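Here's the structure we're looking at; comments come further down.
Since every read-out is calculated from the coordinates, none of them should be taken as a lab result. Fair warning: this is a prediction, and the values are worked out from it, not measured in the lab. Cβ coordinates were reconstructed from backbone atoms using ideal geometry, including for glycine residues, and neighbour counts include every protein chain displayed.
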Amino acid sequence: MIMKKILFVSLVATTLLTSVNGFSQDDKSKRPSPPATATATTATGNRIAINYSQPSVKGRTVGKDIAPYGKVWRTGANEATVFEISKDAKIEGKYPLKAGKYGLYSLPGEKKWTVIFNKTWNQWGTVYSEAEDALRVELDTKKAPQFTEKMTFQVGKDGTVNLMWGDKAVSFTVK
């Protein structure tokens with residue numbers, strides 16, 4: 001009888017510990033690259049939202065050690081970065097993009113970055129298919145005004161989207 005009680009208590013304790021550990025792993029804020037959101041609603045009523053995870057530089061060089069030049073990158077960490085607009089818009093004033101959600105990828109370069117809006121947005125990591133691209137926009141890479149340890153997006157009410165990371169800055173407009 002005592003042996004059955006010990007076995008039962010052990011089973012319950014193991015189950016509880018496993019459950020607690022499972023819940024803590026689901027807490028995205030505890031990840032090394034925590035989640036973040038950048039949103040704004042423009043004067044024309046277009047809601048722009050970017051949901052992403054923030055990788056840190058950690059002494060590495062953007063373009064060499066992380067997000068290497070010439071290779072498609074998910075523009076974040078963990079799940080694919082999701083770019084969403086509530087209305088059809090033009091990116092950089094000329095490239096049409098339909099309302100909806102997109103996986104936001106990029107092709108970093110020393111002088112130019114190509115920002116890629118991909119139709120596949122609900123996934124983990126970089127499972128990228130160029131055939132699913134909705135739009136690609138080539139942008140100038142600029143030196144950031146200050147060093148940014150954690151990759152950060154900012155979305156302005158004027159529709160300007162800024163990506164800052166390390167000593168790099170890339171911007172585009174959504175109108």
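Test of understanding: among Trp121, Trp165, which residue is of a type outside the set (Val, Ile, Thr) and part of a strand (DSSP E or B)?
Trp165
Go through Val137, Val115, Val82 for me and flag whichever is under 25 Å from Lys58 (Cβ atoms), surrounded by 15 or more Cβ atoms within 10 Å (Cβ to Cβ), out of contact with any Gly (no Cβ under 9 Å at 6 or more places or on another chain) and free of Cβ contacts under 8 Å to residues at least 60 places away in the same chain. Outline the logic, then answer.
Values: Val137 fails: under 25 Å from Lys58 (Cβ atoms); Val82 fails: out of contact with any Gly (no Cβ under 9 Å at 6 or more places or on another chain).
Val115 is the lone residue from the list that is under 25 Å from Lys58 (Cβ atoms), surrounded by 15 or more Cβ atoms within 10 Å (Cβ to Cβ), out of contact with any Gly (no Cβ under 9 Å at 6 or more places or on another chain) and free of Cβ contacts under 8 Å to residues at least 60 places away in the same chain.
Take the range 57-70 and flag every residue that is touching a strand residue (DSSP E or B) at 6+ places or on another chain (Cβ under 8 Å), under 16 Å from Thr126 (Cα atoms) and surrounded by 12 or more Cβ atoms within 10 Å (Cβ to Cβ).
Once the filter is applied, which keeps residues that are touching a strand residue (DSSP E or B) at 6+ places or on another chain (Cβ under 8 Å), under 16 Å from Thr126 (Cα atoms) and surrounded by 12 or more Cβ atoms within 10 Å (Cβ to Cβ), the range 57-70 yields only Ala67.
Please pick out the residue among Lys175, Lys142 that is surrounded by 15 or more Cβ atoms within 10 Å (Cβ to Cβ), more than 17 Å from Phe83 (Cα to Cα) and among the basic types (Lys, Arg).
Lys142
Which is farther than 22 Å from Pro55 by Cβ, in contact (Cβ under 8 Å) with a residue 60 or more places away in the chain and of a type outside the set (S, T, N, Q), of Gly100, Gly159?
Matching residue, one of Gly100, Gly159: Gly159.
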